[in-house]
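Single-structure report; data block below.
The values are calculated or read from the model by the stated rules, or taken from the named source; none is laboratory data. Predicted, not measured: the structure shown is a model, and the values here were computed from it. All Cβ positions, even for glycine, are placed from backbone atoms using ideal geometry, and neighbour counts span all protein chains on display. When the accessible area is computed, the model is the full protein with side chains, heavy atoms only, and any ligands, DNA or RNA have been set aside. Shrake-Rupley method; radii C 1.70, N 1.55, O 1.52, S 1.80 Å.
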Amino acid sequence: MIKTSLKKIVTLILKWEAKLVLKKYRPQIIGVTGNVGKTGTKEAIAAVMKSKLKVRQSSKSYNNELGVPLTIIGTMTAWGSFFGWLKVIYRGLVLIIFKEDYPDWLILEIGADRPGDVKNIVSWIKFDIAVVTHLPDIPVHVEFFSSKDQVAEEKMALPLSIKKDGLVIINHDDSNTQPFRDKIKARILTYGFNDGSDVRASNAHTIYEESGKLKFPSGLTFKLDHAGNSVPVRVNGTLGTHVVYPLLAAIAVGISQDINLVTIVETITTYESPAGRLRILRGIKDSTILDDSYNSSPAALEAGLKALASLETTGPAGTGGRKIAVIGDMMELGSFTLEAHRQAGILASIFCNLIMTVGLRAKFAADAAQENNFAADNLFHFNDSVLAGKKLQNLIKPGDIIYVKGSQSMRMEKVVEEIMLNPDQKGKLLVRQESEWLNR
């Protein structure tokens, strides 16, 4: 990335340019915040909105003081290139000076690594719609916060900033948002599985396809209910109850903009989850990979492990059809680090046949699994994701399902690359395939 001093200067310039761009073009703005599922929710919303409207969404996870202005201007990061940043700044000036074709809607992902991050952004951007994903009991990026309540307060600064004529779309199943709901001035539209959700899902289950004597998970289906209408929804290439939430949020946004429900469902049916967000990939030796390698948090890891637990497996008698978890370090958890990794290890030990951990912190998960009477012969630990992937190549058997997850810095996509059936397609299928990442 860029050096600290240069970053501060560039950030101030781009923020100034972004303000002027918004003032000139006046797009409507959707902000997506929460502690889990922001990127998937943002991408699903964009897919639904693009069926009828001209939209631009944050690229990847451009969700901070630098990424948000980049999205508004419509450029990518220049990483460590001084001249690259000059081009970015020049692009902003062109937008300000000349009249160009500009999106009607911006969908901005809003994150928070430190107290004040969200409040700073809402101080200079007027959002029309706020979408809140999930605020778990052990949040990610909690390292610089005093408590989970302070994290929740920071995240909820976005929906609390929406004026009366705006809209807040919120996860009805999330009890941690409940204390803030009476303070929201805007109209509220809820989504979830629980009764009372305005946009409600039910009967979610995995779809399988068969090849020979093997059965492979291929997607999920659920029933959607809204305003007396009930329709089936099918999504290919991903699974797990928790991945339904981003889709429900996107459906709620579409409904709020009077997009026909049939059109919304058709869009969701063809929607592909972003790389590294619990994508189903074919693995070597007739195995299945659940690639959740983009990032990790306690709540997301628990949801992914439970999705793995729910799956049916098949394989040659007494050999394949096992459930394998590859768990990398979860970063930025502060005082929750030990507890979160140990809980993950215990959960994995209950239903997994083989566990592989990667990183110093993930060793806590391995230790907890072994203390929970998990067989030592089926427990492996590595400090490097590539070595873990190479070892896994020799362990996989037909019918196995391998779940891979870890924080961004652990580079767990390298595990997936070692065991995927078509590594020549890694640029399309895996996360972090840009040259800047590959050279790290």
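Tabulated results
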item: Shape of the stretch 1-127, Cα gyration tensor, a/c cut at 1.5; result: oblate
item: Ser409-Lys164 FRET efficiency (beta carbon distance; Förster radius 45 Å; 0.05 resolution); result: 0.60
item: Partners for Lys426 among lysines (Cα-Cα distance below 26 Å; same-chain residues under 8 apart left out); result: Lys38, Lys42, Lys60, Lys215, Lys285, Lys323, Lys390, Lys391, Lys397, Lys405, Lys414
item: Local net charge near Val118, Cβ-Cβ under 13 Å (Lys/Arg +1, Asp/Glu -1); result: -2
item: Over the stretch 322-440, volume per residue of the alpha carbon convex hull, in Å³; result: 100 Å³
item: Exposure rank, largest accessible area first [Tyr208, Tyr25; 1.4 Å]; result: Tyr208, Tyr25
item: Solvent accessible area, Å² - Trp16, 1.4 Å probe, full protein context; result: 140 Å²
item: Pair Leu438, Arg26: separation of 7 Å Cα→Cβ label points (nm); result: 4.5 nm
item: With DNA, RNA and ligands ignored, accessible area of His134 (1.4 Å probe; Å², nearest 10); result: 60 Å²
item: Relative intensity, log₁₀ I(q)/I(0), of the stretch 68-195 from a Debye sum that treats every alpha carbon as a point, q = 0.10 Å⁻¹; result: -0.42
item: The stretch 135-249: proportion of alpha-carbon pairs further apart than 17 angstrom, %; result: 64 percent
item: Percent accessible area from carbon and sulfur atoms, the stretch 43-106, protein chains only, probe 1.4 Å; result: 60 percent
item: Gain in span if fully extended, Thr263 to Leu12, counting 0.36 nm per residue against the direct Cα distance; result: 86.3 nm
item: Value of [θ]222 nm, deg cm²/dmol, for the chain, DSSP H segments ≥ 4, -39500 (n - 2.57) each, nearest 500; result: -11000 deg cm²/dmol
item: Spin-label model distance (nm) - Ser147 vs Leu395, 7 Å beyond Cα toward Cβ; result: 4.0 nm
item: Under the span-like rule (Cα at least 20 Å along the axis, Kyte-Doolittle mean at least -1.0), DSSP H helices of the chain; result: 4-25, 82-97, 337-351
item: Fraction of accessible area attributable to carbon and sulfur, the stretch 143-187 (%, probe 1.4 Å); result: 47 percent
item: Size of the stretch 211-369 as Cα extents on the principal axes (Å, biggest first); result: 52, 47, 25
item: Pair Trp124, Arg91: separation of 7 Å Cα→Cβ label points (nm); result: 1.8 nm
item: Rounded percent of accessible protein surface that carbon and sulfur make up, the stretch 369-440, 1.4 Å probe; result: 44 percent
item: Extension reserve of the Phe83-Ile350 stretch, reckoned as 0.36 nm per residue once the Cα distance is removed; result: 90.8 nm
item: Read-out Cα Rg over 2.2 N^0.38 Å, derived from the coordinates shown; its label in [x] 1.03; [y] 0.98; [z] 1.27; result: [y]
